[in-house]
Every structure is written in structure tokens, then in C-alpha cells.
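What follows is a short report on a single structure.
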Amino acid sequence: MSTERGKTTIADTVVAKIAGLAAREVTGVHALGGSATRAVGALRDRIPGASVNHAQGVSVEVGEKQAAVDIDIVAEYGVSINDLAHGIRRNVIAALERMTGLEVVEVNITVHDVFVDTGVADDSDGSRGSDELRVV
């Protein structure tokens, strides 16, 4: 974004982080990322002092005035996936446009899995005691 007083450049990683944080705020989003991404994230989380990757599961294309976002999610069982996707889009677009001034031209959402809370304790992946049901 250029003005008469200078140029502001927003890194792709900043846009991805904002989008990831905004997506996580939506009720019904259990996690971001596909299974491989989440596995790498779980390993990273076990390293002492490692920081959380808020952009996990998010990829962006950022131009000078526009941005496009792709988000991979795991939805919680019982949530309307159409309503969830609508809520994610609304939240991500609002956050990015407010914080960056970029026009968000699209937010593409891929639901990779559905989380089913069985109430059985399973700390093997650091989760809150859960099983995952694969939706095909």
C-alpha cells in the first residue's frame, strides 16, 4: 500500500497469522490444518520453548491491495458445516480488512476431518481426551 508519505508492506505470514487466529475464534472449529500439518504441529508443541504456529493450516496469496485465503480445518461433530464455513469467512474477512486494509477476494475452506469427543482420556497427541472420526 503506497501513499505520498511512503509504502507499507504486509508479509504473507502476518496475513496468514491473522486469518488463523480469526478462524480459531469461530465456535465449531476444533483445529486448523490437515492431518499431516496437525501431526507436525503436535511434535512442535512438545518442544520446550517452541512457539505456537497460529498460521497452521492457512495459506495466503497477498497482492498490493487484495488477499486470497485457503484454510484447512477440523470441525466439531454436530456443527453445521455450511454455517461454520460462513462464520469462518465472515470472521476472517472482517479481521483482515480491519487490520490490514486489504480487500479479501476469497476465503476457501476445506474440512479435512470431524472431531468427536468420546470422553476417553488419550494424551498421546496432547489433545483434550478425544477420538477423531474420519469423514469420507
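The values are calculated or read from the model by the stated rules, or taken from the named source; none is laboratory data. Keep in mind the model is a prediction, meaning the values are calculated, not measured. When we count neighbours, we look across all protein chains shown, and the Cβ atoms used for this are built from the backbone with ideal geometry, even at glycine.
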For this session: Identify the single condition in (1) loosely packed, with under 12 Cβ neighbours inside 10 Å; (2) out of contact with any helix residue (DSSP H, G or I) (no Cβ under 9 Å at 6 or more places or on another chain); (3) modelled with pLDDT under 70 that Pro48 does not satisfy, given that it satisfies every other one.
Result: (3)
Exercise. Conditions: (1) more than 14 Å from the chain's Cα centre (by Cα); (2) modelled with pLDDT of 95 or more; (3) among the polar types (S, T, N, Q). Thr27 meets all but one. Number of the miss?
Worked result: (1)
Seminar exercise, completed: Scanning the range 101-116 for residues that are of a type in the set (Val, Ile, Thr) and surrounded by 19 or more Cβ atoms within 10 Å (Cβ to Cβ) gives Val104, Val107, Ile109
Exercise. Condition test on Ile93, is it modelled with pLDDT of 95 or more, in contact with a strand residue (DSSP E or B) (Cβ under 6 Å, 6 or more places away or on another chain) and closer than 22 Å to Thr118 by Cβ?
Worked result: no
Problem set entry | Test: Glu132 is part of a strand (DSSP E or B), touching a Ser or Thr at 6+ places or on another chain (Cβ under 9 Å), modelled with pLDDT under 95 and not hydrophobic (A, V, I, L, M, F, W, C) | yes
